[in-house]
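For reference, the structure discussed in these notes is given below.
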Amino acid sequence: MTVDRLLPTPEAHDLLDLTRELATRELAGKVDDFEARGEFPREALRTLGRSGLLGLPYPEEAGGAGQPYEVYVQVLEVLAGTWLGIAEAVSVHTLSCLPVAFFGTAEQRKMLPDMLGGETLGAFALSEPQGGSDAASLTTRAVAEPDAWVVTGTKAWITHGGQADFYNLFCRTGGPGPKGISCLLADAATPGLLPQQPERLMGLRSSAPAQIVLEEARVPRDRLVGAEGEGFAIAMKALDAGRLGIAACAVGLAQGALDHAIGYAREREQFGQPIGRFQGLGFMLADMGTQISAARALLLNAARLKDAGRPFSTEAAKAKLFATDVAMRVTTDAVQILGGAGYVSDHPVERWFREAKVLQIVEGTNQIQRMVIARSLLG
Ligand code: COS
């Protein structure tokens, strides 16, 4: 189904067309294979980078495409409708560029053209085995020596772990709590930065995260991003933007599932007519379409607030919460509409159902999003 989109500029229309073309030409034929083998699509990401899709919402003078979030999230949505693993990788990479782009020194910002052009791939290392939702309790420690920060600890669930060229390492450089956290930018080649085996996932297998063990990893002193003690605020700001990316992934995945279910409901006949003509299924499709439109509207509203420079964290949390819950419901219903055919891997809805689950968990569980929303309501 073609989604009727109101885009702000002719350039944005061209960008969406380019994304659809790349999705069809470069991604659609590869996704099943890469997901089945659990292989990371590094080359496909490079292709997207060379087409300008890995630095979309960053200023042109930094090497980005200067696009508003309103447009960037719709590009992600199109990618997610074809290959969630790629869309999530683009979203995480974009998030990983944010600390340097907005808090980096002039010297650090020299790395931005390669980052935003997709020549180098980024990772965002905040979570730890004992501290996921409670991010401010992280224990990875960075000790200042004259020439380097010496980092010891373990990071967990790191998307692009073992694939990334640079890591945002959130470390404790001071006392307990959020004010004792700083952000370091580490190269993948840093001695003592040791990616572990990728996790074995329920879905999204082409982009499996890994733990990163840090054994006295020596990160040069000039790789502190922002001020000492500013790391938690940087992480939260990056996550606010990242949550829009995950919401976009959810909307795109749900739209893909709806489109597939519609195609099936038109073709499949039972009792002498296409099954979509039965009210029970027609109403399911109607609810799926309505929920997706509502999720997209929440997402675009939050993105437009961000573009206007207005506070948007609460709206981003609402968009992430709602859109990912919608993706779970819609993919579940898509499996139901296909019946037995939905439960086997001949149709992608079985994979999309498995993939939707993780979106309710990453970049802040949906319980954390509710916490953010409730706090803003209560003050
Ligand atoms: N933007 C900027 N600063 C923020 C912020 C935001 N969105 N959210 C919080 N902060 C600041 C606060 O203002 C506070 O600083 P001040 O004391 O100077 O005001 C500081 O950060 C601590 O905030 P808070 O007290 O709210 O921290 P909590 O420990 O209660 O944690 C939540 C807040 C739960 C929102 C945070 O831990 C969180 O988002 N957890 C989930 C982490 C996550 O998403 N992980 C996914 C892994 S990354 S892929």
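Does GLU355 satisfy the criteria of being within 13 Å of the ligand (Cβ to nearest atom) and either at pLDDT 95 or above or not in a helix (DSSP H, G or I) (or both)? It is false that GLU355 is within 13 Å of the ligand (Cβ to nearest atom) and either at pLDDT 95 or above or not in a helix (DSSP H, G or I) (or both).
Scanning segment 109-167 for residues that are under 20 Å from the mean Cα position of the chain (by Cα) and of a type in the set (S, T, N, Q), we see that the one that is farthest from the ligand (Cβ to nearest atom) is THR120. Scanning segment 61-79 for residues that are modelled with pLDDT of 95 or more and acidic (Asp, Glu), we see that the one that is surrounded by the fewest Cβ atoms within 10 Å (Cβ to Cβ) is GLU70. Among residues of segment 360-379 that are more than 16 Å from ASP240 (Cβ to Cβ), those with a Cβ under 6 angstrom from a residue that is of a type outside the set (A, V, I, L, M, F, W, C), sequence gap 6+ or separate chain, pair up as GLN360/THR324; GLN360/ASN366. Among the criteria (1) part of a helix (DSSP H, G or I); (2) among the aliphatic types (A, V, I, L, M); (3) over 30 Å from LYS110 (Cα atoms), the one VAL73 does not fulfil is (3).
May I ask you to say which residue of LEU300, LEU338 is closer than 26 Å to THR159 by Cα and outside any loop (DSSP other than H, G, I, E, B)? Outline the logic, then answer.
Numbers: LEU338 fails: closer than 26 Å to THR159 by Cα.
After ruling out the rest, the residue left standing is LEU300.
Just so you know, in segment 117-133 the residues that are assigned to a loop (DSSP other than H, G, I, E, B) and modelled with pLDDT under 95 include one that is nearest to GLY242 (Cα to Cα), and it is GLY132.
A search for C-beta distances below 6 Å between a residue of segment 1-26 that is outside any helix (DSSP H, G or I) and any residue that is at pLDDT 95 or above and loosely packed, with under 11 Cβ neighbours inside 10 Å, counting only pairs 6+ apart in sequence or on different chains, returns nothing. For segment 173-209, which positions are of a type in the set (Gly, Ala, Ser), more than 16 Å from the ligand (Cβ to nearest atom) and farther than 13 Å from THR140 by Cβ? Scanning segment 173-209 gives ALA188, ALA189, GLY203, SER206. Among the residues of segment 198-224, those that are more than 21 Å from the chain's Cα centre (by Cα) and either among the acidic types (Asp, Glu) or closer than 22 Å to GLY132 by Cβ (or both) comprise VAL213, LEU214, GLU215, GLU216, ALA217, ASP222.
Residue pairs whose Cβ atoms lie under 8 Å apart, sitting 6 or more positions apart in sequence or on different chains, and linking a residue in segment 128-139 that is touching a residue at least 60 places away in the same chain (Cβ under 8 Å) to a partner that is near the ligand (Cβ under 6 Å from one of its atoms), are SER133/GLY364; SER133/ILE368; ALA135/LEU126; ALA135/SER127; ALA135/PHE232; ALA136/PRO178; ALA136/PHE232.
Listed by first and then second residue, the pairs with beta-carbon distance under 7 Å, at least 6 apart or on different chains, first residue in segment 142-155 and within 14 Å of ILE212 (Cβ to Cβ), second among the small types (Gly, Ala, Ser) and in a strand (DSSP E or B), are ALA142/SER182; VAL151/ALA142; VAL151/ALA217; LYS155/ALA125.
If you go through segment 274-281 one residue at a time, do you hit one that is buried (at least 23 other Cβ atoms within 10 Å of the Cβ), more than 16 Å from the ligand (Cβ to nearest atom) and charged (D, E, K, R)?
Start the filter on segment 274-281 by keeping residues that are buried (at least 23 other Cβ atoms within 10 Å of the Cβ), which leaves none.
No, that holds for no residue.
Kindly establish whether ARG243 is among the basic types (Lys, Arg), part of a helix (DSSP H, G or I) and more than 16 Å from the ligand (Cβ to nearest atom). No.
The values are calculated or read from the model by the stated rules, or taken from the named source; none is laboratory data. This one's a predicted model, so the numbers in the text were calculated from it and none came from an experiment. Cβ: placed from backbone, ideal geometry, glycine included. Neighbour counts: every protein chain shown.
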